[in-house]
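Data block below; observations after.
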Amino acid sequence: MPMADMRLCSPLLLLCLAAALSSAFVISPQYMWTKLILTHHWPRTFCVIDPCHSNISYWTLHGLWPDKGIDCNSSWHFNASQIEDLLPDMQKSWPDLLHPSSTGFWKYEWHKHGTCAAKADTLNSQHKYFSKALELYHKLDLNSILKKFDIIPSEKYYEFSQIEGVIENFYNVKPKIQCVHPSKNADHQILGQIEICFSPDFTLHDCEKQGHWDKGMAVHKASGFSVCDHDMPVYYPPLL
């Protein structure tokens with residue numbers, strides 16, 4: 001190629017190279033989360049999975065999880081001093097059931113989920129992320145709503161539709177409800193975790209499609225949280 005032609009191509013090549021390099025640092029819209037999952041767990045059931053002792057008699061926060069992304073920024077370290085004003089509420093509403101005096105659980109949630117949620121300007125700091133999770137938790141007040149409609153810890157079994165129906169009818173969205181399945185041949189399942197979802201603007205959003213349930217996903221392991229079987233009685237365990 002003549003030297004003159006090479007000089008003409010150089011600016012174009014530089015522009016192309018610059019565009020390619022800049023695009024490497026831009027988050028593609030397909031990797032931006034589209035839904036937030038506010039996850040509650042029942043302490044009594046949690047302690048069936050991970051041996052612990054808790055006298056907490058209300059649903060506590062497990063986390064606020066974007067539907068896309070895990071560990072999005074390993075260099076963004078958790079710093080408890082940035083949420084010091086939230087700690088009294090965190091200790092009550094978002095406790096570490098295994099290590100009550102530790103901040104390790106919040107550190108884990110921040111690194112795994114918070115750094116991904118922070119892609120949104122509304123959640124782009126540790127304080128914004130944790131305070132928003134607490135705000136949504138208190139706004140939902142799941143514990144009171146279940147009690148209001150007589151879904152309370154009991155030695156009797158509930159039908160799955162009773163629990164799901166209360167949540168759907170009150171919040172007008174489809175939740176995701178998870179249970180512990182004691183064994184493959186068990187005649188009941190143990191209520192353990194309830195997820196209620198939000199859009200990026202923090203309005204309520206379906207966690208699952210209306211009428212959709214894959215029974216093949218319901219009992220995929222003998223222990224641990226998995227989607228509740230819609231046809232199996234549900235045990236909502238009281239404190240010992």
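Each reported figure results from applying straightforward, stated rules to the coordinates on display, with no laboratory input. Given the structure is predicted, the values throughout are model-derived calculations rather than measurements. For neighbour counting, all protein chains shown are included, and Cβ atoms are generated from backbone atoms with ideal geometry for every residue, glycine included.
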Given the pairs 107/176; 112/176; 68/148, which span a C-alpha to C-alpha distance of over 22 angstrom in this model?
-> 107/176; 68/148
Among 182-188, 44-50, what's the highest-first ranking by average C-beta atoms within 10 angstrom per residue?
-> 44-50, 182-188
Taking a ≥ b ≥ c as the square roots of the Cα gyration tensor eigenvalues, with a/c under 1.5 meaning rounded and otherwise prolate when a/b beats b/c or oblate if not, region 79-190 comes out prolate
Rounding to the nearest 20 debye, state how big the charge dipole of region 30-157 is about its Cα centre with +1 on each Lys and Arg Cβ and -1 on each Asp and Glu Cβ.
-> 260 debye
Mean Cβ count within 10 Å, highest first, over the residues of peptides 164-176, 112-124 | 112-124, 164-176
